[in-house]
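Report on the following structure.
Read-outs throughout are calculated quantities, based only on the coordinates presented, and are distinct from any laboratory measurement. Here the structure is a predicted model, which is why all the values come from computation and not from measurement. Positions of Cβ are backbone-derived with ideal geometry, glycine not excepted, and every protein chain shown enters the neighbour counts.
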Amino acid sequence: VQLQASGGGLVQAGDSLNLSCAASGRTLRDYVTAWFRQTPGKEREFVAAISHGGSTAYGDSSKGRYTISRDNAESTVLLQMNSLRPEDTAIYFCAARNPSLTVIHRSARAYTYWGQGTQVTVSS
């Protein structure tokens, strides 16, 4: 499955931004789907994930400010980001696990399919 992340941009601290992850040729309803983010020189950081059944998990930095959801009609996974901070600046990637794996995992190594990333820049 090919993933496409979109919705990044330049915003000011305190603003909100919505990211979207779409799959070509398949429906994301069949996959545990997650968002990770990465800054230069650092490993990919777990942001949030959603399971087939709608269970969610969040990283420490995103908990309380971000919301992950699934739009089944559009077969997309959305990441609503509120109260953005300059330290949220990163490239955000969406990723999906092998469809036979139904448990949310926080490690990037557990995800097989990756989108190209979308840049989020938060100015102070």
Amide H to amide H, which residues 5 or more places from Gly117 or on other chains are under 5 Å from it, using H placed in the peptide plane? Ala5, Cys94
Starting from the Cα gyration tensor of the chain, multiply each eigenvalue by 5, take the square root, and state the resulting semi-axes largest first in whole Å. 22, 14, 13
Using amide H atoms built in the peptide plane, which far-off residues or other-chain residues are under 5 Å from Gly9 H to H? Val120, Thr121
Tell me, what ³J(HN,Hα) does each residue in the stretch 60-70 have, in order and in whole Hz, if you take phi through Karplus 6.51 cos²θ - 1.76 cosθ + 1.60 with θ = phi - 60° and put x for Gly and Pro? 4, 6, 9, 4, x, 10, 10, 9, 9, 8, 10
If you filter the stretch 24-100 for trypsin sites (Lys or Arg not before Pro), then keep DSSP loop positions with at most 16 other Cβ within 10 Å, what is left? Arg26, Lys42, Lys63, Arg65
What are the ³J(HN,Hα) couplings of the stretch 98-104, residue after residue, when phi is run through the Karplus curve with 6.51, -1.76, 1.60 and θ = phi - 60°? Round to Hz, x for glycine and proline. 3, x, 7, 9, 10, 9, 5
C-alpha center-to-center spacing [the stretch 94-124, the stretch 58-87] in angstrom: 12
Once you charge only the Cβ atoms, +1 for Lys and Arg and -1 for Asp and Glu, what is the size of the charge dipole of the chain about its Cα centre, to the nearest 20 debye? 280
